[in-house]
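Below is one structure, written out as structure tokens; the observations come after it.
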Amino acid sequence: MTTTTTMKQSAPKQERTQHTPVPVTVAYGDGIGPEIMRATLKVLDAAGAKLDIEEIEIGEKVYLKGNSAGIDASAWDSLRKTKVFLKAPITTPQGGGFKSLNVTTRKVLGLYANVRPCVSYHPYIGTKHPVMDVVIVRENEEDLYAGIEHQQTDEVVQCLKLISKPGTEKIIRYAFEYAKAYNRKKVTCFTKDNIMKMTDGLFHKTFNEVGAEYPSIEKEHYIVDIGAARLADTPELFDVIVMPNLYGDILSDVAAQITGSVGLGGSANIGQGFAMFEAIHGSAPDIAGLNKANPSGLLLAAVQMLVHIGQHDVAAQIHNAWLRTIEDGIHTYDIYNALLSKAVVGTADFADAVIERLSQQPKRFKPADYSNSVANFNIKVTPAMPAIKELVGVDVFLHYKDRDPNALAQLISDLDISGLKLTMITNRGTKVWPDGFPETFCTDHWRCRFKNDMKSGVSYQAAIDLLQKIHNRKLNIIKTENLYLMDGQPMFTAGQGQ
Ligand code: NAD
């Protein structure tokens, strides 16, 4: 059900812009969600945020009613109408069949950029990293989160990693535009393109191409493993970091946690015309209903939302009151430290402490000022030039129980269909025929590469004829991948050890 409430404007102390109410969809979520949402909305109300709120129900209750997506059609209607979503965390029930609502919302609404500022608040919140102010810009729509998984043999399952040129260009452009708008000096890119040369390679190459358009911003690239190690060890090295979805998901939690608590992190999910704001943490069922949860992550996400909807003055007022509350040592249990804190308070009292400070500025931290912040960048992507595509082969994946690659090769190495011949067999990517190592462990999942000499293309019918011949030999084909030359260049990787 959708209800509409207009928030009252309660007498703000300072002169400010008169805002007209902006429609916003709000979900209270599960676990600690309702507590932190109530606390957040109380602060927004007291600060005079002008919101026209539509409440929707999502999450556990909706899942358990039998809706495997966790969200009803009426809720989508509200989101389509308001285009702004303030969302508390939800619980995804355990077990198969339930799709992650977070992933669905991000992908269905095209929220391609996940922006997660991770700041340490030394000396008021205990952290090993007193100098840390990193913004993680995580790609939100593709990569392994496409959710395309299959069990193909008795022994092997697969998950497709999809990286697109426009998806990559959008997120990298967003990271540079964000750096420019917020006066950030450097954008770092993390990938694993030493291993995933085509998918992560595209991300890195696009980073270099787009980065060249921003000469005043410093650029660097790390292989994600050493990048992650440096981020965890010396976060002060970094400014803005842009990453594909999976690395960004993992490392933004690491970055938020090392600022002092995962409960401090807010995030914005930005698309073309849509945006969703949420805490980075989950529904914390272990502390739900105990009035213990730190509402800061959701409150700081709401600050990002206020900037997004043009209520910059209210955003700054709340952010500054929050900074002052932290400086005054009013802390929830997750950041309480006997040496640094003055009082440990519950969720509701923390919100009241922020409200009491709405007319105050931080004493030591730099006050937040959003007056010149640009929240919506006009991100355009360059359409890909159509390439000349020629079929030169096909990788045929087989379910074959005998673990001997030479025995398998004997069954298919005589085939020659319009020049398509067996050139290689791999097992889990490692070349095992010809000239494989007897030490290489083999599963029941084989990739057999049939290729011509690549001097000219072959017809698709030739590939179909090849499959028919393999099928006639009673071999179990589980999938195929076509091998193309694009503008004369091979668009497929070699086998490990080839
Ligand atoms: P979690 O983030 O909920 O909790 C991890 C730990 O951090 C817990 O000890 C918790 O008490 C603590 N914590 C989290 N937020 C806190 C806060 N605001 N104040 C104080 N302490 C806090 O992660 P989890 O336990 O792995 O997941 C719990 C549920 O949340 C799962 O159902 C998961 O699917 C869901 N989840 C939802 C979202 C979302 O809605 N965006 C994100 C992550 C996880």
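What follows draws every value from the coordinates through simple rules; no lab data is involved. What you are looking at is a predicted structure, and each value in this text was computed from that prediction instead of being measured. Don't worry about glycine lacking a Cβ; one is built from the backbone with ideal geometry, like all the others, and counts go over all protein chains shown.
Is the range 228-357 rounded, prolate or oblate when judged by the Cα gyration tensor, a ≥ b ≥ c being the square roots of its eigenvalues, rounded requiring a/c under 1.5 and prolate requiring a/b larger than b/c? Don't skip to the answer; put the middle values down first.
Numbers: a/c = 1.61, a/b = 1.21, b/c = 1.34.
Oblate, since a/c reaches 1.5 and b/c is not below a/b.
Restriction of the GluC sites (Glu not before Pro) in the range 190-245 to DSSP coil positions whose beta-carbon has at most 11 other beta-carbons within 10 angstrom yields GLU213. Dipole of the range 3-356 computed with +1 at Lys/Arg Cβ and -1 at Asp/Glu Cβ about the Cα centre; of LEU202, GLY248, ALA338, farthest Cα towards the positive end is LEU202. Rounded to whole numbers, the Karplus 3J(HN,Hα) couplings from phi for the range 38-43 are 4, 4, 5, 5, 5, 5 Hz, using 6.51 cos²θ - 1.76 cosθ + 1.60 with θ = phi - 60°, and x at Gly and Pro.
For each pair in LYS61/LYS170; LYS83/LYS170; LYS165/LYS469; LYS99/LYS389; LYS128/LYS170, compute the distance between the two Cα atoms and list the pairs where it is over 25 Å. Don't jump to the answer; show the numbers that get you there.
Details: LYS61/LYS170 35 Å; LYS83/LYS170 19 Å; LYS165/LYS469 36 Å; LYS99/LYS389 36 Å; LYS128/LYS170 34 Å.
Cα-Cα > 25 Å for LYS61/LYS170; LYS165/LYS469; LYS99/LYS389; LYS128/LYS170; rest within.
Entry note, the chain: relative contact order of 15 percent, from Cα contacts under 8 Å with a spacing of 6+ residues.
Each residue of the range 325-335 was assigned a 3J(HN,Hα) from its phi angle through the Karplus expression (A = 6.51, B = -1.76, C = 1.60, θ = phi - 60°), giving 4, 5, 4, 6, x, 8, 10, 7, 4, 5, 10 Hz with x at Gly and Pro.
Kindly put ASP487, ASP328, ASP249 in sequence by how many other C-beta atoms sit within 10 Å of each C-beta, fewest to most.
Lowest to highest Cβ neighbour count: ASP487, ASP328, ASP249.
Mean residue ellipticity at 222 nm from the helices of the chain, using -39,500 (n - 2.57) per DSSP H segment of n ≥ 4 over the full residue count, to the nearest 500 deg cm²/dmol? Could you put the intermediate results ahead of the total?
Details: 13 runs with 151 residues, N = 498.
Mean residue ellipticity, 222 nm, calculated: -9500 deg cm²/dmol.
This model, with +1 at the C-beta of Lys and Arg and -1 at the C-beta of Asp and Glu, gives the chain a dipole about its Cα centre of some 600 debye. Counted over the chain, the DSSP beta bridges are approximately 65% antiparallel.
How would MET276, MET424, MET385, MET196 line up from fewest to most surrounding beta-carbon atoms within 10 angstrom?
Numbers: MET276 26, MET424 20, MET385 6, MET196 17.
Ranked by crowding around the Cβ, least crowded first: MET385, MET196, MET424, MET276.
Annotation: amide H of LEU483 within the under-5 Å range of VAL392, GLY393, VAL394, ASP395, sequence separation 5 or more or interchain, hydrogens built in the peptide plane.
What the pair-distance distribution of the range 3-356 shows, using all Cα-Cα distances binned every 20 Å from zero, is 29, 59, 11, 0 percent.
Once you sort the root eigenvalues of the Cα gyration tensor of the range 389-490 as a ≥ b ≥ c, which label holds: rounded (a/c under 1.5), prolate (a/b larger than b/c) or oblate (the other case)? Prolate shape, in that a/c is at least 1.5 and a/b is the bigger ratio.
Using Cβ contacts closer than 10 Å as the measure, can you line up ILE388, ILE477, ILE53 from fewest to most?
Values: ILE388 10, ILE477 13, ILE53 21.
Fewest-to-most ranking of ILE388, ILE477, ILE53: ILE388, ILE477, ILE53.
Across all directions, the average projected area of the convex hull around the alpha carbons of the range 28-147 is 9.9 nm².
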